[in-house]
Amino acid sequence: MSTPVSICVIGSGYVGLVAAVCFAEMGHQVICVDNDKTKVETLRSGGVPIYEEHLPELLGKHLGRGVEFTTDLAGAVEKCAAIFIAVGTPQGDTGAADLSYVEAVVSEIARSVTDYKVIVEKSTVPVYTNEWVRRVLNRHGVDAAHFDVVSNPEFLREGTAIIDFLHPDRIVVGAGTERAAQLLQRIYAPLTSGTYYDQSGALPGVCSAAQPARILVTSAQSAEIIKHASNAFLALKISFINAVANLAETVDADIEDIAAGIGLDSRIGPKFLRAGIGYGGSCFPKDVAAFHYVAQQQGLNFQLLEEVRRINDAQRDVFFNKVRSSLWTLRGKRIAALGLAFKGDTDDIRESPAIDTIKRLVEAGATVVAHDPAAIDRAKAVLPPSDKLIYSSDLYETAQNADALLILTDWKEYSKLDLPRLNRALRFPIIIDGRNLYKPEEMSDQGFTYVSIGRPATYNAQQGKPKKLVL
Ligand code: UDX
């Protein structure tokens, strides 16, 4: 085991909390700081504020040993060699990331730096943030010899965040000095040397002692751009496949076959080519906008990113129109909606296409009965229940007597529905699947009219194929 490093993580959101417990799992001494007292109390008592696999067990394992929680930022900074900033960088009005939380934290850090610290940006930030952090520290009178600023972006996905952290495709460290780069290399040594993977109780994943995690050391600016460009590129892949899906549909081709055919080219790869109702979540929409803004600030017109966003927005309309054209009128219809979260395996509803679709259906006069295995409480906070919006935690009750059923989130359990039971529950056996979880032929064999994305619709054999209508 390499030498433990004392690490302070500021912010206990998705990125901060996952980083804190994973650093502890890697053998480091971690203090996680948040200014939300209630949250800190919850974490201190072993409570986990987010739905994330492995998080409760890792927190239980390290709480009070490798990781502690506090509201005392100054005290934590004083004790630690590396200070990771993992606070929110929400989208501002212009599309730019709002860095006021980062600046506030840096000003507070400045008051407590008396000996050498490495200050690490873990939040997703635009290029040159490292330079701004340095300037703020200078303005507060911190001696330049007492700190370095490093960019160490995080690539974890919600739902698989812990495994993504411990088994990363790559670790990116953007450091201007050898001294700072070395400290980060020491922090990640258990993963890059592979010793972590040999430990008893190590969480299994793609990395191993024989094939440990890779680290890439770059300049801070390059690291900042790597983060934005990675998210923008993944969003681009999704918008691309959705655009191809819409074309495929007009010529009776099948987007699943097309995606498989494209993805087999090793230069393209099969991932992030799943057509659907468009991407959501706390990262892609915000980061595509922020990256576009960064380019604009530098006098560049990165129009491609605007198009990625446009296609993504339009995909929600494509799906909504499918619902409308399957049901004719929406007023007075009862619609079962499976899924509220922006994707499966999370309770996060930020920028969720499911929430947007449900809102539009209710506005159009339909009654929606919505189900989600984890996100109902969060959804109720933004779309309160009413006589037009009913939440149900029972899947088949959700479908009971509905005029159609929509699949809005790719939860695993939605791909294993008891189809005969579902058919009996629905008033009309119509499924409009925004996630392509089923094979169209299988659904018509089961007596459903099945409409999905980028594939020909299939029909209940008795009713046959209706005439194509232009709505
Ligand atoms: C993303 C990045 O993957 C991660 O590296 C980064 O750190 C944060 O942003 P996350 O937002 O958790 O992670 O979700 P992800 O699994 O990437 O999915 C994003 C959205 O794209 C979801 O709405 C998902 O449903 C959608 N998606 C994903 C598709 O529509 N098709 C795909 O093929 C893949």
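The values are calculated or read from the model by the stated rules, or taken from the named source; none is laboratory data. Predicted, not measured: the structure shown is a model, and the values here were computed from it. Every residue, glycine as well, gets a Cβ built from its backbone with ideal geometry; the counts of neighbours run over all protein chains shown. The protein model used for the area step is the full one, side chains on, heavy atoms only, and it has no ligands, DNA or RNA in it. Shrake-Rupley method; radii C 1.70, N 1.55, O 1.52, S 1.80 Å.
Where residues in the stretch 276-295 are of a type in the set (Ser, Thr, Tyr) and assigned to a loop (DSSP other than H, G, I, E, B), which of them is nearest to the ligand (Cβ to nearest atom)?
If we take residues in the stretch 276-295 being of a type in the set (Ser, Thr, Tyr) and assigned to a loop (DSSP other than H, G, I, E, B), then TYR279 is nearest to the ligand (Cβ to nearest atom).
Scanning the stretch 300-320 for residues that are aliphatic (A, V, I, L, M), open to solvent by 90 Å² or more (accessible area, probe 1.4 Å) and either within 16 Å of the ligand (Cβ to nearest atom) or not in a helix (DSSP H, G or I) (or both) yields a single hit, LEU300. When the stretch 338-365 is filtered for residues that are surrounded by fewer than 24 Cβ atoms within 10 Å (Cβ to Cβ), assigned to a loop (DSSP other than H, G, I, E, B) and more than 15 Å from the chain's Cα centre (by Cα), the ones remaining, listed by number, are ALA364, GLY365.
All of LEU340, LEU273 fail the test of being closer than 24 Å to GLU154 by Cα, at pLDDT 95 or above, within 14 Å of the ligand (Cβ to nearest atom) and not assigned by TED's automatic domain parsing to the domain that holds TYR128, apart from LEU273. Of all the criteria given as (1) under 16 Å from HIS228 (Cα atoms); (2) crowded, with 17+ Cβ neighbours inside 10 Å, the one not satisfied by PHE147 is (1). Just give me the residues in the stretch 133-144 being part of a helix (DSSP H, G or I) and crowded, with 17+ Cβ neighbours inside 10 Å, in sequence order. Within the stretch 133-144, VAL133, ARG134, VAL136, LEU137 qualify. Of all the numbered requirements in (1) open to solvent by less than 50 Å² (accessible area, probe 1.4 Å); (2) out of contact with any Gly (no Cβ under 9 Å at 6 or more places or on another chain), GLN297 misses one, and that requirement is (1).
Selection of the stretch 140-166 for residues being within 13 Å of the ligand (Cβ to nearest atom), under 23 Å from THR346 (Cβ atoms), in contact (Cβ under 8 Å) with a residue 40 or more places away in the chain and of a type outside the set (Asp, Glu) yields PRO153, PHE155, LEU156, GLY159, THR160, ALA161, ILE162, ILE163, PHE165. When ALA290 is tested against the conditions (1) open to solvent by 30 Å² or more (accessible area, probe 1.4 Å); (2) touching a strand residue (DSSP E or B) at 6+ places or on another chain (Cβ under 6 Å), the lone failure is (1). Filtering the stretch 24-43 for residues that are surrounded by fewer than 21 Cβ atoms within 10 Å (Cβ to Cβ), modelled with pLDDT under 95 and either within 22 Å of the chain's Cα centre (by Cα) or under 19 Å from PRO190 (Cβ atoms) (or both) leaves an empty set. Just a yes or no: is a residue in the stretch 428-443 in contact (Cβ under 8 Å) with a residue 40 or more places away in the chain and over 15 Å from ILE255 (Cβ atoms)? Checked the stretch 428-443: at least one residue is in contact (Cβ under 8 Å) with a residue 40 or more places away in the chain and over 15 Å from ILE255 (Cβ atoms).
Per-residue answers, yes or no, for (1) β-branched (Val, Ile, Thr); (2) open to solvent by 10 Å² or more (accessible area, probe 1.4 Å); (3) more than 12 Å from CYS22 (Cα to Cα):
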residue: GLU154; (1), (2), (3): no, yes, yes
residue: ARG157; (1), (2), (3): no, yes, yes
residue: THR160; (1), (2), (3): yes, yes, yes
residue: VAL173; (1), (2), (3): yes, no, yes
residue: GLY176; (1), (2), (3): no, yes, yes
residue: ALA181; (1), (2), (3): no, no, yes
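Does GLY88 fit the bill of being more than 16 Å from the ligand (Cβ to nearest atom) and either outside the structural domain of ILE376 (by TED's automatic domain parsing) or not β-branched (Val, Ile, Thr) (or both)? No, not satisfied.
Looking at the stretch 200-208, is at least one residue under 26 Å from the mean Cα position of the chain (by Cα) and closer than 21 Å to SER123 by Cβ? Checking the stretch 200-208: not a single residue is under 26 Å from the mean Cα position of the chain (by Cα) and closer than 21 Å to SER123 by Cβ. The residues of the stretch 93-131 that are more than 22 Å from ASP34 (Cα to Cα) and either assigned to a helix (DSSP H, G or I) or touching a Cys at 6+ places or on another chain (Cβ under 6 Å) (or both) amount to a single one, GLU131. When ALA243, ALA220, ALA248 are checked against the criterion of being touching a residue at least 24 places away in the same chain (Cβ under 8 Å), closer than 20 Å to VAL15 by Cα and away from the ligand (no atom under 11 Å from the Cβ), a single residue qualifies: ALA220.
So how many residues does the stretch 357-388 have that are within 16 Å of the ligand (Cβ to nearest atom) and without any contact (Cβ under 8 Å) to a residue 60 or more places away in the chain? Walk me through how you get there before you give the answer.
First, pick out the residues of the stretch 357-388 that are within 16 Å of the ligand (Cβ to nearest atom): 357-358, 372-375, 378-379.
The next check asks that each one be without any contact (Cβ under 8 Å) to a residue 60 or more places away in the chain; those that pass are 358, 372-373, 375, 378-379.
Total satisfying the criteria: 6.
Restricting the search to helices (runs of 4 or more DSSP H) fully inside the stretch 1-92 and requiring at least 2 residues that are of a type in the set (Gly, Ala, Ser) and touching a residue at least 24 places away in the same chain (Cβ under 8 Å) gives 14-25, 73-79. Checking each residue of the stretch 193-212 against the condition of being at pLDDT 95 or above and touching a strand residue (DSSP E or B) at 6+ places or on another chain (Cβ under 7 Å) gives no match.
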